[in-house]
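The values are calculated or read from the model by the stated rules, or taken from the named source; none is laboratory data. Note that the coordinates shown come from a computational prediction; the quantities given were computed from them, not determined experimentally. Here the Cβ is made from the backbone with ideal geometry for all residues, glycine too, and neighbour counts use every protein chain on show.
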Amino acid sequence: MRSPKDGNFFWQGDRNLSEYDAHFETSFLQSTQEESSKAASRWNSSSNCPEYLAAVKNFLANEETNADFWLQPETKQKMLKIVETELITKMADVVSSKETGCVYMF
């Protein structure tokens with residue numbers, strides 16, 4: 001329902017996100033995982049370690065900004081965990097082993 005005062009939407013009644021979870025969140029999180037994995041591979045193949053880390057930092061900042069605007073807080077946390085896992089956790093050994101001096105930074 002729109003607030004007549006400022007034109008924004010607001011919840012009215014019980015907060016039930018079952019339709020949101022079933023029809024949006026699950027597929028959104030799966031797509032997030034796939035796209036983050038592709039981005040990690042792409043950046044890894046074309047960047048050195050500092051460039052990769054800069055790309056990850058920018059990507060995370062952008063995703064967090066978008067999540068604050070578009071997603072439920074619960075989905076934001078799940079999405080950020082997936083992005084961090086795909087871009088950082090899964091890629092840490094590969095990225096840090098590049099000959100760029102990153103071993104010393106870590």
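The table for this structure:
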| item | result |
| --- | --- |
| Search result, residues across the range 4-43 that are among the polar types (S, T, N, Q) and at pLDDT below 85 | 8, 12, 16, 18 |
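Yes or no, residue by residue, for (1) surrounded by 16 or more Cβ atoms within 10 Å (Cβ to Cβ); (2) touching a Lys or Arg at 6+ places or on another chain (Cβ under 7 Å); (3) of a type in the set (S, T, N, Q):
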position: 43; (1), (2), (3): yes, no, no
position: 50; (1), (2), (3): no, no, no
position: 58; (1), (2), (3): no, no, yes
position: 67; (1), (2), (3): yes, yes, no
position: 74; (1), (2), (3): no, no, no
position: 81; (1), (2), (3): no, no, no
position: 89; (1), (2), (3): no, no, yes
